[in-house]
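First comes the structure, then the notes that go with it.
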Amino acid sequence: MKRVNVRIRRSLMMICMVALVMSLFASCKGDEKSTHDPNADGASKDFKTFETLETTDYSLTFYWGPDADGFDADSIRYMKEAGFDTIPIQRFPGEHEKIKNVVKLLEAQGLKAAITDSRITSIYDSKETLSQENVDAEVKKVLEYYADCTNITEWIVCDEPSADKFDVIAQIADAIHRLSPEDKVFVNLLPSYASLSQLGTETYEEYVDTFCEKVNPDYICFDYYDLMGIETTESHRGEFLKNLATVTDIAKKYNKETRVIVLLTQHGAYSNVTAAEIRWQSNLSILFGMKGLSFFTYAVPDDPAFVWQYAMIDGSGNPTTHYSQVKQTNATTRAYGDALYKTKVDKVFSIDNTYTSEFIKGVPTYTSYGALGAVKEGIDMLVSFYENGSFMIMNGNSDDGNPRKLVTKDLKDNLQWLNPVTRTWETVHSCFFIEQNADGAYEITLAEGSAVLLRVAK
């Protein structure tokens, strides 16, 4: 890959600065303030601030990055500036020295590494049943080879396994956890729309539950690509919320964290996602309490089975439009992820959803709950309540040009919002898309796919 052109980099920085300034001006326009999303800065009214967020282990990453030649100081800096904390090294699993060199480059910029090493994946791919002793021996060799690399935090074992591979995954995970207890094992599970023959179980619930029971994973990760269409989105698979709810429920049973991989790069029947669809997917992951989010993909895969377009970088390693969109969304997502990292989801509801009946499958209809209480209006809204007392309201519509408003009925006092730009809890009087009407009720207007994290002061 060519090294990123410095002029291009400076130009992109200038564009980002201009866009930020424009968003600040736009947020102050009285007739437009209700249609902007909380990725922009707050309004200019007086406000009171409370605590600022601490950094947590919430994780932002991607699935499928550059090849070996695509990693250098400049390209890694772009990954870091996009808001990613853990960088997967996947495309050259048998080139161990090159893997180590990239790990060192990541370490120099304070980034964690998740690696695919052929010596571990060969255990997974083996046609023979290996003893735990043999698995331990192979894993030990790999760990010793990277012993001087302090920033390797995860080992990528496999993608979308059938249930008949859970036993060997359990062997690998057990070896890594005993020999290097601080390290995590990455396994990405199939989505709920996989066939039963792919799953290897009679139901999707059984598939995820069996994985947890046999493997005892560090977390449950799955992928779900909901947005379908040629170029623009023409339809949804329709059960993203149900899949999120299923994984969340099973994670609670086994006390596991959850992560999800969402669509970014157009391929096959999947669409070229918009900025609204990027934040829609991101906010849905937060809504259900996911502790990590991954985008598929960062670089264009060398897979001739599909035509791949619109990744985060182009074939020369230069950032694309999707790079800028993901970078902006990541800043907000990380703020919400940090704020909710130490708590769990209590309940998720749908409020007067007219989007699609399939979309809200598995999510109960809202009546009144928690600090929010009854609402007067809220078409296409989703709301999630967390065990720490905070709650998130989200516009469940991802189509451009579809802002939605929620009007409270019971809640009229002491509302605070998390400003994702300042990463500080503030009174809602500083928030340009939340107003109090003459009756004292709060009117919360969110752009398509946007969300806001709220709490009520005691």
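We did not get these values from a lab; they are worked out from the coordinates using the rules stated. Just so it is clear, the structure is predicted and the values come from calculations on it, not from any experiment. All Cβ positions, glycine included, derive from the backbone under ideal geometry; neighbour counts span all protein chains shown.
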* To do: Could you calculate the contour length gain from Lys127 to Lys409, that is, 0.36 nm times the residue separation minus the distance between their Cα atoms, to one decimal place in nm?
  => 95.3 nm
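For the range 281-409, compute Rg over Rh where Rg is the Cα radius of gyration and Rh is the Kirkwood radius from the inverse mean 1/r over Cα pairs.
1.05
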* Fewest-first sequence of Arg178, Arg423, Arg259 by Cβ atoms within 10 Å of each Cβ -> Arg178, Arg423, Arg259
* To do: For Gln198 and Thr321, compute 0.36 nm times the residue count separating them, minus their Cα-Cα distance, and round to one decimal in nm.
  => 40.8 nm
* Structure fact -> Per the rule of 0.36 nm per residue minus the C-alpha distance, extending Lys376 to Ser235 adds in nm 47.8 nm
* **Ranked packing of 49-62, 310-323, most packed first, by mean Cβ within 10 Å** => 310-323, 49-62
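Would you mind putting 81-91, 328-338, 274-284 in packing order, based on average other-beta-carbon counts within 10 Å, highest first?
Per-residue mean Cβ counts within 10 Å order the peptides as 274-284, 328-338, 81-91.
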* Tabulate in residue order the Karplus-calculated ³J(HN,Hα) for the range 227-240, using 6.51 cos²θ - 1.76 cosθ + 1.60 with θ = phi - 60°, rounded to whole Hz; enter x for Gly and Pro. => 9, 10, x, 8, 6, 7, 5, 10, 7, 10, 4, x, 10, 4
* Asked: Taking Cα atoms, how many degrees apart are the long axis of helix 321-340 and the longest axis of the chain, rounded to 10 and kept between 0 and 90?
  -> 80
* To do: For n ≥ 4 DSSP H runs only, could you compute -39500 (n - 2.57) per run for the chain, divide by its residues and tell me the 222 nm figure to the nearest 500?
  => -10000 deg cm²/dmol
* **Radius of gyration, Dmax [the chain; alpha carbons; angstrom]** => 22.3, 72
* Calculate how steeply helix 96-108 sits against the longest principal axis of the alpha-carbon atoms of the chain, using the helix alpha-carbon long axis, and give the answer as 0 to 90 degrees to the nearest 10. => 30
